[in-house]
Amino acid sequence: MKITFNINGEPRSIDTDGEAPLLWVIRDGLNLKGTKYGCGKAACGACTIHVDGMQVRSCSYPAKFAEGKEITTIEGLSQGDNLHPVQQAWIDEVVPQCGYCQPGFMMATAALLKEIPNPTDEDIDNNIINVCRCATYYRMRKAIHKAAALAKQNPSE
Amino acid sequence: MSKGKKQKKGIKRRMFLKRSGVGIGLMIGGVWLTRNPIRRTIIKTSETLVVPYAGPTSDPLLWLQITPDNNLILHSSKVEMGQGTFTGLAQIVADEMGLPIEKIKVVHAETKAGNLDPFGTGGSMSIASLWVPLREMAATLNLMLLNKAAEKLSVNPDTLRLEGGTITDGSQSLTYGQIVADVTEWDIPSTPPLKKRSEYTYLGKPVPRVDLKEKVMGAPIFGIDAEYPDMLYASVVRSRLIDAQMQNFDTTEAERMPGVIKIYQDEDFIGVIAETHIQAETARKKIKFDYNKNADWSLADIEEKITVGNGNKTIVQKEGPIVEDIDEDAEIIELAFRSSIGAHAQMEPNGAVANYQEGNLEIKVSTQVPQLTQSEVAKAMGMSKKEVNIIPTFLGGGFGRRLHTPNAIQAAKMSKAIGRPVKSFFDRQQEFQNDTFRPPTHHVMKAAVKDGEILGIEHQFASGDTLFNSAMDPGIERVVRADIGSVRGGTIIYDGMPRRATYYHVDLPFATSFWRSLGLLANAFAIESFIDELALKTKQSPVDLRLQYMRDDNPYIVRAKKVLKTCAQKAGYTDEVKDGRAMGIALTIDTGSPCAHVAEVSIVEGSIKIHKVTAVLDCGIAVNPDQVRAQVEGCVCMGISAALYEKMDLKENKLFPINYGSYDMALMRDTPKEIDVVLIEGIDKPGPVGEPPLGPIGAAISNALRRLTGERLTQMPLSAFIS
Ligand code: FES
Ligand code: FES
């Protein structure tokens, strides 16, 4: 079937099996490789994207539901050279090791900050439940607090 | 003066570093053999040895390429799997060549370029082993550029000096880019003296990772992101059962599935090639087959096999009599420990993208062993190595999981059969089912104790393979017998008394292999928990007890003592339980880098909570202290995950769980709110970093729990035993 949606601000149409996970439509159909495959069962968060502003694990989201939706992937998180506060905080705290899980964590964090602009440690524990095998959680926590502070300084984000 | 690149007359050859196969194995040679004392010497050496860099060093141009636009491309034969090696290498080269680090781009060396490292990437050896050779190559390249500039400017080289990317005699100057323009032949001079450490500007600085921007922007840098035009997708059938052959394949239904182009089948495997990834996966699941089991297996069978006394016995440390024979009035204290089967669970699944075209093959792949992959693929394809180019990509985690390369061979065979590029990856279930696991272990610790004195200690342990597996030259096993990997951290470092370690090597019916730090985590869990128990038994502080039995003036022990004392002091270590929190301390020396942890632990609503970890590591010079800290933090948190939660189960030949979530791991909520990392520079060169800090964590947590609950936990993962 033909599915039409906006992705990172651009309208796109793609022919795909409507039941195929949106993850693979994004990765292979649209060649946006920042969204990662980790488990295919909504268990790790590597494939996290935003659909109409809500975080979604795209490996378990049939493509047909994307019809008419506004989708953001890691490639669209920043506005050109203007980094999203989450990405800026990630750079400031030098979070990534292998880096594979990081887009998913940044997308999950960006979604969290929209809902809870000033998350407590407990908010972070309860909401950031992705998997990072390099176990960069310690720096991620710092970066999440930092991103919250950056976003406040620059409320347009 | 001009001689071709091939006649490198003045080259100071470092051929003694050039070995094929794994450094340590071949160094031993085929002659010394099979006697226990020799094995013990090998093992003792391997505990502290930095395996020398085994790749080429005589031609700096294999590593360092000056581009016409006056930048430098560093072609690394070590891969970047998160450990920060690329950044450290860039710092080292920038310093030695006097270049701004922004001018350096680090990439993975393609095998066709010839910069091949037979050791691969692992063992925490990258920076430590390249510290001297890479600086020598950088210094040599500078001299080459200087000589070439002199030739181009027709001046005496002595009048020239280097200034951050240009060479000048005061009046005229050339950029490095201008110097290399049109040059086809280089003289390679003898290695000039290296700069003094005081002349380095990047060394010891927290330079941001060179791959930071790409990783934060989501750039397509991993093997799974690689593509070729006109590429197809494949999915390979893999066994759900251990110790069983798949048989009687029926592909009728799979063939009829949408998008399927070909079912590939040979004597080794069967795979579906389709237009899209999902079509290939969906069709693969429709292939029917049954199994021919060789035997039935459950976890209990495995544990029975992995029991001290079973398997191939090697005494790996033998100083003095067994504890029972030391003093007949002594009390013998004995405790047994176990650790679970652990999965790698690296985030990027294994796979490869192969492009076979008219007798040439290119493979893009996340691998820790590009050279081995090249030779294995060439062999399987009946091609010469020259015809096979491996293009390593960034790895979405390594941890020892990418030292086997069957996926590259499979992708290559399918690409050849279909005449188009093929991408073939494991799905996550296949990753878990077909992992090369951390082997389960069993340990019996014994000590003779009399009048509050420890008279002798013995560690007997059983483990599956870590080092001897399909990735290794089989000759090594025959020589060393005791698996150097499984015995990592297995000998007793406490001295001035009889001490012994005996290893039982057990063959298991499923693949086990390298898992970050190999035997260290489990061995240290047993030994360091037992030492803590002895401290309680003899009513001493566990810090004092350790120090009392570290009397050797051997430099590793001297450094370890300082690490232990610093850790206890920095953490404010106390035996007392305060506000429901207890501390546990542990110490290890791994690959020559001593490390101590103090864990501060409580139990909240029945689960273990780690509040703070103080980690002290002596890794010598920290080329990039920020990234060394990142490795320590990562080791601490990965270690917490393994120590508290991780375990594979086995029923009716099925290993499970087979996905994240059900394979219980530590997540954000389990991460200590404070990780205090202290780095000590106890030697004047960089030492191993990426694994040693994993050593003490299991024991440190367990020792804290012992003080908190009064109970000694003897099995990892620990959380299963807390109620
Ligand atoms: S890949 Fe989607 S949650 Fe893991
Ligand atoms: S940075 Fe490697 S998995 Fe998270």
What span do the alpha-carbon atoms of segment B:53-216 cover on each of the three principal axes, reported in whole Å from largest to smallest? 47, 31, 29
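Take the alpha-carbon positions of segment A:85-153, form their convex hull, and give its projected area averaged over all directions (one quarter of the hull surface) in nm². Before the final figure, lay out the partial values.
Numbers: hull surface 15.4 nm².
Taking the Cα atoms of segment A:85-153, their convex hull projects to 3.9 nm² on average.
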Given the options A:Gly38, A:Gly29, A:Gly80, state which has the largest fluctuation in a GNM of chain A using a 10 Å cut-off (strictly under) for Cα springs. A:Gly80
Fraction of antiparallel bridges per DSSP, chain B only, in percent to nearest 5: 70 percent
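Once a ≥ b ≥ c are taken as the square roots of the eigenvalues of the Cα gyration tensor of the protein assembly as shown, is the result rounded (a/c under 1.5), prolate (a/b larger than b/c) or oblate (a/b not larger than b/c)?
Working: a/c = 1.36, a/b = 1.12, b/c = 1.21.
The shape class here is rounded.
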Cβ-Cβ cut-off under 14 Å around A:Arg141, Lys and Arg +1, Asp and Glu -1: the net charge is -3
Take every DSSP beta bridge whose two residues both sit in the protein assembly as shown, then give the antiparallel share in percent to the nearest 5. 75 percent
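Across chain A, how many lysine pairs separated by 8 or more positions, or lying on different chains, have Cα atoms within less than 16 Å?
Values: A:Lys2/A:Lys64; A:Lys2/A:Lys69; A:Lys114/A:Lys146; A:Lys114/A:Lys152; A:Lys142/A:Lys152.
Within chain A, the lysine pair count is 5.
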Reciprocal of mean inverse Cα separation for chain B (Kirkwood radius, Å): 27.2 Å
Aspartates and glutamates with Cα under 12 Å of B:Lys286, excluding same-chain neighbours fewer than 8 positions away: B:Asp250, B:Glu253, B:Glu255
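Calculate for chain B the 222 nm mean residue ellipticity that helices alone would give, adding -39,500 (n - 2.57) per DSSP H run of length 4 or more and normalising by residue count, nearest 500 deg cm²/dmol.
Numbers: 19 runs with 207 residues, N = 723.
Estimated from H runs of four or more residues: -8500 deg cm²/dmol.
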Could you count how many Lys pairs in segment B:565-673 have their Cα atoms under 29 Å apart, skipping same-chain pairs fewer than 8 positions apart? 16
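Around B:Ser76, with a cut-off of 12 angstrom between Cβ atoms, what is the net charge of the other residues, counting Lys and Arg +1 and Asp and Glu -1? Could you put the intermediate results ahead of the total?
Details: positive: B:Lys78, B:Lys105; negative: B:Glu80, B:Glu110, B:Asp117, B:Asp211.
After counting each charged neighbour, the total is -2.
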What does the charge count near B:Thr307 come to, summing +1 for each Lys or Arg and -1 for each Asp or Glu among other residues with Cβ under 13 Å from its Cβ? 0
Would you mind checking which residues have amide H under 5 Å from B:Ile680's amide H? H placed 1.01 Å from N; only 5 or more apart, or other chain. B:Leu617, B:Asp618, B:Cys619
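For the interface of B with A, what's the total buried accessible surface in square angstrom, probe 1.4 angstrom, rounded to the nearest hundred?
Details: alone 28400 and 8140 Å², together 32160 Å².
For chain B against chain A, roughly 4400 Å² becomes buried.
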Does segment B:633-703 come out rounded, prolate or oblate, given a ≥ b ≥ c as the square roots of the eigenvalues of its C-alpha gyration tensor, rounded meaning a/c under 1.5 and, failing that, prolate meaning a/b above b/c? prolate
Using a cut-off of 21 Å between alpha-carbon atoms, which lysines can reach B:Lys78, once sequence neighbours fewer than 8 places away in the same chain are excluded? B:Lys18, B:Lys103, B:Lys105, B:Lys112, B:Lys213, B:Lys215, B:Lys364, B:Lys385, B:Lys386, B:Lys685
Accessible-area loss of at least 20 Å² in the complex relative to the chain alone (1.4 Å probe) applies, within segment B:661-689, to B:Met665, B:Leu667, B:Met668, B:Arg669, B:Thr671, B:Lys673, B:Ile675
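Please report the carbon-and-sulfur percent of the accessible area for segment B:628-717; probe 1.4 Å, protein heavy atoms only, DNA, RNA and ligands left out.
On the way: 1110 of 2580 Å².
That fraction is 43 percent.
With all protein chains present, how much of the accessible area of segment A:9-157 (probe radius 1.4 Å) comes from carbon and sulfur, to the nearest whole percent?
48 percent
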How many Å³ per residue does the convex hull of the Cα positions in segment B:165-322 occupy? 411 Å³
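If R₀ is 51 angstrom, what is the calculated FRET efficiency for the pair B:Gln715 and B:Asp290, using the beta carbon separation as r and rounding to 0.05?
On the way: r = 36 Å, r/R0 = 0.70.
That pair, B:Gln715 with B:Asp290, gives E of 0.90.
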List the lysines whose Cα sits under 25 Å from the Cα of B:Lys450, skipping any in the same chain fewer than 8 residues away. B:Lys318, B:Lys537, B:Lys539, B:Lys561
Could you do me a favour and compute the accessible area per residue for chain B, 1.4 Å probe, result in Å²? 36 Å²
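What value, in deg cm²/dmol to 500, does the helix sum -39500 (n - 2.57) over DSSP H runs of n ≥ 4 give at 222 nm once divided by the residues of chain A?
Numbers: 4 runs with 46 residues, N = 157.
Counting only the DSSP helices, I get -9000 deg cm²/dmol.
Would you please report the Å³ per residue occupied by the convex hull of the alpha carbon atoms in chain A? Spell out each step's value before the answer.
On the way: hull volume 16.2 nm³, N = 157.
Normalising the Cα hull of chain A by residue number yields 103 Å³.
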Chain B, relative contact order [Cα under 8 Å, separation at least 6], %: 15 percent
Highest-MSF residue in chain A out of A:Val51, A:Val94, A:Val25 [GNM, Cα springs under 10 Å]: A:Val94
Hey, how many Å between the Cα centroid of segment B:203-248 and the Cα centroid of segment B:506-550? 34 Å
With +1 on the Cβ of every Lys and Arg and -1 on the Cβ of every Asp and Glu, and nothing else charged, how large is the dipole of the protein assembly as shown about its Cα centre, in debye rounded to the nearest 20? 1580 debye
Here the equivalent ellipsoid of segment A:2-76, derived from its Cα gyration tensor, has semi-axes (largest first, whole Å) of 17, 13, 11
For chain A, what is the relative contact order in percent, using Cα pairs closer than 8 Å and at least 6 residues apart in sequence? 24 percent
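Tell me the relative contact order for segment A:85-153 as a rounded percent, counting alpha carbon contacts under 8 Å between residues six or more apart. Mind showing how you got there, number by number?
Working: 59 pairs, mean separation 38.8, N = 69.
About 56 percent, as a whole number.
The values are calculated or read from the model by the stated rules, or taken from the named source; none is laboratory data. Keep in mind the model is a prediction, meaning the values are calculated, not measured. Quick reminder, even Gly has a Cβ in these numbers, built from the backbone with ideal geometry, and neighbours come from all protein chains shown. Remember, those area values only see protein heavy atoms, side chains included, never the ligands or the DNA or RNA. Shrake-Rupley method; radii C 1.70, N 1.55, O 1.52, S 1.80 Å.
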